[in-house]
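So the structure is just underneath, and the comments pick up after that.
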2 protein chains.
Amino acid sequence: MQDPIDPVKLDRLAQVAVKVGLNLQPGQDLVMTAPVSALPLVRRIAEHAYKAGAGLVTPILSDDAVTLARYRHARDESFDAAAGWLYDGMAAAYDKGAARLAIAGGDPMLLSGEDPDKVGRANRAMSMAYSGARDRITRFATNWTIVAWPDAAWARLVSPDLSEHDAQRKLAEAIFAASRVDDDDAVARWEAHNEELGRRAAWLDGQNFASLHFTGPGTDLSVGLADGHKWVAGATETLSGILCNPNIPTEEVFTTPHKLRVSGHVSATKPLSHQGTLIEEIRVRFEDGRIVEAHASKGEGVLQKVLDTDEGARRLGEVALVPHASPISQSGMLFYNTLFDENAASHIALGQCYSTCFQGGETMDNDEVARRGGNSSAIHIDWMIGSDRIDIDGLSQSGERVPVMRKGAWV
Amino acid sequence: MQDPIDPVKLDRLAQVAVKVGLNLQPGQDLVMTAPVSALPLVRRIAEHAYKAGAGLVTPILSDDAVTLARYRHARDESFDAAAGWLYDGMAAAYDKGAARLAIAGGDPMLLSGEDPDKVGRANRAMSMAYSGARDRITRFATNWTIVAWPDAAWARLVSPDLSEHDAQRKLAEAIFAASRVDDDDAVARWEAHNEELGRRAAWLDGQNFASLHFTGPGTDLSVGLADGHKWVAGATETLSGILCNPNIPTEEVFTTPHKLRVSGHVSATKPLSHQGTLIEEIRVRFEDGRIVEAHASKGEGVLQKVLDTDEGARRLGEVALVPHASPISQSGMLFYNTLFDENAASHIALGQCYSTCFQGGETMDNDEVARRGGNSSAIHIDWMIGSDRIDIDGLSQSGERVPVMRKGAWV
Ligand SMILES: [Zn+2]
Ligand SMILES: [Zn+2]
Ligand SMILES: [Zn+2]
Ligand SMILES: [Zn+2]
């Protein structure tokens, strides 16, 4: 039987991860986290990293069965524990110049049958223990990237009607296409893609819109943009000047909305997969930046719980533009994974904003971010509102209306 | 086809690792290193650890293919790099009370075809980066253990004439027998075994021999013992009072020789597997504790290089008594792995001594260890000199001769 995962394309994905995603520099160490199922990709990335002059490549492999053993057998106190020693070690590695690569692709539904209280506590403990390492990543103190592995369990979830072999093959091909490694010259294609994304971001920065206006079936939404917002897309420069692509794939051009200046109503254009639950046909209404009404045809209870997380959970932290022509959108697949789904359509995100989406954001403190309209929250949940039936206009600071997208395509 | 690795015995090995090897305490975290091939054992150990009340179990999995990618593709500078951030993290975990489990069982010949200079430099860099974590292990600052996984590559090396399936089955059964998990009541059997080992050590401590005298074919060797030496065997108490079994299996009762008081000649009774080379029929002569003549029928060049490592490499750091009736000796197998081979026969070790093999050694500094005759070196290489044709006598401080072993059996 044929390998469901094309080895040539897998090798190209590894090459793109090292050359484009990380832009790994000679002598740099590499810390690589991955599910153990992704070992074939881990090995190819290690090879490309060493060929690119890596110092030492250290894989940190996690195993779903070991994670489940904890939920099945550990005593209650275990769920407040986290491997702080490992995350602090990673932070120390970044401080000494190591790059960071994460392979996404475990079973998205792994914990869907477990006690939500335990899942929540374990996530909270992990999130706190990880804060030092995460801080270095979000500040781009080092070069980092995320790529995806077509895990069998993930593939079964995406294509429940196919055999495991066919499902994995379909997911693999979708990942390869979205990651632009389905043909030769993948590195050159990424250069062209980054250039195009950069041009869009520069145009939007030049416009310096006061707000964006989304219209279409079930949607009439005005999203005010933060003062001094900056549009970000594709390649990002680290503090030390290395240009890396933190997400493979990436299609979005995104910035920070003003947390007090969102109004109108909006309908989701795709289901939202949240921690093992599918929330369908979301419709919400904003007043003064705050969600004052929220409905869903399925999963409304979970949605209400999400909105009640904290005050910032009812406000926006991101608005992102993605054309309907994006390869991920064209695949028509729901991936149950934000790395892919957020690149299928224009979207907004509930919760925490990115300080990198401000002019001069690298050196901005939290107070200044808030003063300019940046939202803060413990959550950041992306949520699709674009499609080929949605138009987007920009409103200039003087109130002029400028077409940005028509029927999901850049004008 | 039947699984070459009996799942019931494998589960018992995991249970013994947690209950006997670690004696894991409720609430203790566990750091577990393993080759990725050992995942079935990793998962069972995680389950038993959580059932025993573990806080968090963190596996750190290594992969032979990633290691080989380094030797095949990395630039020269890579071989002086090491993951200090990871080892320092482990040390921090031990300081916070985490236990430590290592699964042995990668391919023993993995690096036998690689550039010895690169292998040596990588080992040295790793050894230096690991010193903080190793220090906590050798001082028994926390409870730790090593168990073995019957890796396929290891099995092929041990039984080159069998099919891979049969070779792995044979190695697995040998590991299970040696680890005393081939029958019910494994934990009770370990209690009895530890008691027997402890009785031997107590008897030898009571004798407080000045030296041991080995005689047999090609061997007439007097091994002086260090002043204030202590015999160690089986379970060991950590600084905080947890009784753990650092090696599964273990058959030896061992102590520190006096580095200046070894004389006579000795012939190895088994080949010595050293970093991918087999050294056969070693014969050496000692004067005043120092090897002044060394021969081997195969691998003599490697042996000479080992002896030239440093001044301490020509002197003894350990003498260990193992009866010929030990299950590992009875298997008649050469394992190419010290965890097993050193438990097949009485042995001596070139190089570094253990400060734990002194009365009051826990609080002894290096100067005091040296003053009492403890040897120091960058190496510690165990080397079999016992068999069913070897007699051992103890010489008391007043010169009396006391029989210890006759034809490889305790008297
Ligand atoms: Zn986004
Ligand atoms: Zn987002
Ligand atoms: Zn020994
Ligand atoms: Zn030894």
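Only residues that are open to solvent by 50 Å² or more (accessible area, probe 1.4 Å) and without any contact (Cβ under 8 Å) to a residue 12 or more places away in the chain: list them for the range A:349-370, please.
A:Thr363, A:Asp365, A:Asn366, A:Asp367
Looking only at the range B:7-32, how many residues end up being within 12 Å of chain A (Cβ to nearest Cβ) and part of a helix (DSSP H, G or I)?
2
Specify which of the listed residues (A:His229, A:His213, A:His193) is of a type outside the set (Lys, Arg), modelled with pLDDT of 95 or more, assigned by TED's automatic domain parsing to the domain that holds A:Thr363 and open to solvent by less than 30 Å² (accessible area, probe 1.4 Å). I'd like the intermediate steps shown before the answer.
Details: A:His213 fails: open to solvent by less than 30 Å² (accessible area, probe 1.4 Å); A:His193 fails: assigned by TED's automatic domain parsing to the domain that holds A:Thr363.
From the options A:His229, A:His213, A:His193, the qualifying one is A:His229.
Quick one: in the range B:330-341, of everything that is under 20 Å from B:Val232 (Cβ atoms) and open to solvent by 10 Å² or more (accessible area, probe 1.4 Å), which residue is farthest from ligand 2 (Cβ to nearest atom)? So that I can check it myself, show each step before the final result.
As a first pass, look at the range B:330-341 and keep what is under 20 Å from B:Val232 (Cβ atoms): B:338-341.
With open to solvent by 10 Å² or more (accessible area, probe 1.4 Å) added as a condition, the list becomes B:338-339, B:341.
On the way: B:Thr338: 52, B:Leu339: 49, B:Asp341: 56 Å.
Here the residue is B:Asp341.
Find the residue count for the range A:235-294, including only residues that are part of a loop (DSSP other than H, G, I, E, B) and away from ligand 1 (no atom under 16 Å from the Cβ).
First, pick out the residues of the range A:235-294 that are part of a loop (DSSP other than H, G, I, E, B): A:235, A:238-242, A:245-246, A:248-252, A:256, A:268-271, A:275-276, A:281-282, A:288-289.
So of that shortlist, the ones also away from ligand 1 (no atom under 16 Å from the Cβ) come out as A:238-242, A:271, A:275-276, A:281-282, A:288-289.
Counting residues in the range A:235-294 that are part of a loop (DSSP other than H, G, I, E, B) and away from ligand 1 (no atom under 16 Å from the Cβ) gives 12.
Go over the candidates A:Gly120, A:Gly106 one by one and state the one that is among the small types (Gly, Ala, Ser), open to solvent by 20 Å² or more (accessible area, probe 1.4 Å) and assigned to a loop (DSSP other than H, G, I, E, B).
Values: A:Gly120 fails: assigned to a loop (DSSP other than H, G, I, E, B).
Answer to the selection: A:Gly106.
Quick check on this structure: which one of A:Pro59, A:Pro35 is under 23 Å from the mean Cα position of the chain (by Cα) and at the interface with chain B (Cβ under 9 Å from one of its Cβ atoms)?
Values: A:Pro35 fails: at the interface with chain B (Cβ under 9 Å from one of its Cβ atoms).
On inspection, the qualifying residue turns out to be A:Pro59.
Mind checking which residues of the range A:62-78 are under 24 Å from the mean Cα position of the chain (by Cα) and among the hydroxyl-bearing types (Ser, Thr, Tyr)? Lay out the reasoning, then the answer.
Within the range A:62-78, the subset under 24 Å from the mean Cα position of the chain (by Cα) is A:62-64, A:67.
Residues satisfying the conditions are A:Ser62, A:Thr67.
What about A:Ala129, is it in contact (Cβ under 8 Å) with a residue 60 or more places away in the chain and either open to solvent by 30 Å² or more (accessible area, probe 1.4 Å) or among the hydrophobic types (A, V, I, L, M, F, W, C) (or both)?
Values: in contact (Cβ under 8 Å) with a residue 60 or more places away in the chain: no; either open to solvent by 30 Å² or more (accessible area, probe 1.4 Å) or among the hydrophobic types (A, V, I, L, M, F, W, C) (or both): yes.
No.
Hey, B:Thr309 hits all of (1) open to solvent by 20 Å² or more (accessible area, probe 1.4 Å); (2) within 16 Å of ligand 4 (Cβ to nearest atom); (3) within 19 Å of the chain's Cα centre (by Cα) but one; which does it fall short on?
Looking at each condition in turn, B:Thr309 falls short on (3).
Can you tell me which residue among B:Val158, B:Val147 is modelled with pLDDT of 90 or more, more than 25 Å from B:Asp29 (Cα to Cα) and among the β-branched types (Val, Ile, Thr)?
On the way: B:Val147 fails: more than 25 Å from B:Asp29 (Cα to Cα).
Selected residue: B:Val158, the only one of B:Val158, B:Val147 that is modelled with pLDDT of 90 or more, more than 25 Å from B:Asp29 (Cα to Cα) and among the β-branched types (Val, Ile, Thr).
Quick check on the range B:54-71. Is at least one of its residues in contact with a Phe, Trp or Tyr (Cβ under 7 Å, 6 or more places away or on another chain) and over 21 Å from B:Ile248 (Cα atoms)? It would help to see each step written out before you state the result.
As a first pass, look at the range B:54-71 and keep what is in contact with a Phe, Trp or Tyr (Cβ under 7 Å, 6 or more places away or on another chain): B:57, B:69-70.
Cutting the leftovers down to over 21 Å from B:Ile248 (Cα atoms) gives us B:69-70.
Within the range B:54-71 (the criterion being in contact with a Phe, Trp or Tyr (Cβ under 7 Å, 6 or more places away or on another chain) and over 21 Å from B:Ile248 (Cα atoms)), the answer is yes, since at least one residue qualifies.
Identify, from the list A:Ala141, A:Ala148, A:Ala155, A:Ala178, the residue that is within 21 Å of the chain's Cα centre (by Cα), in the same structural domain as A:Val31 (by TED's automatic domain parsing) and open to solvent by 20 Å² or more (accessible area, probe 1.4 Å).
On the way: A:Ala148 fails: open to solvent by 20 Å² or more (accessible area, probe 1.4 Å); A:Ala155 fails: open to solvent by 20 Å² or more (accessible area, probe 1.4 Å); A:Ala178 fails: open to solvent by 20 Å² or more (accessible area, probe 1.4 Å).
Unique residue meeting the criteria: A:Ala141.
The values are calculated or read from the model by the stated rules, or taken from the named source; none is laboratory data. Bear in mind the structure is a predicted one, so any value in this text is a computation, not a measurement. Cβ sites come from the backbone with ideal geometry, for glycine too, and all protein chains shown count toward neighbours. Just the protein is used for accessible areas: all its heavy atoms, side chains included, with ligands, DNA and RNA removed. Shrake-Rupley method; radii C 1.70, N 1.55, O 1.52, S 1.80 Å.
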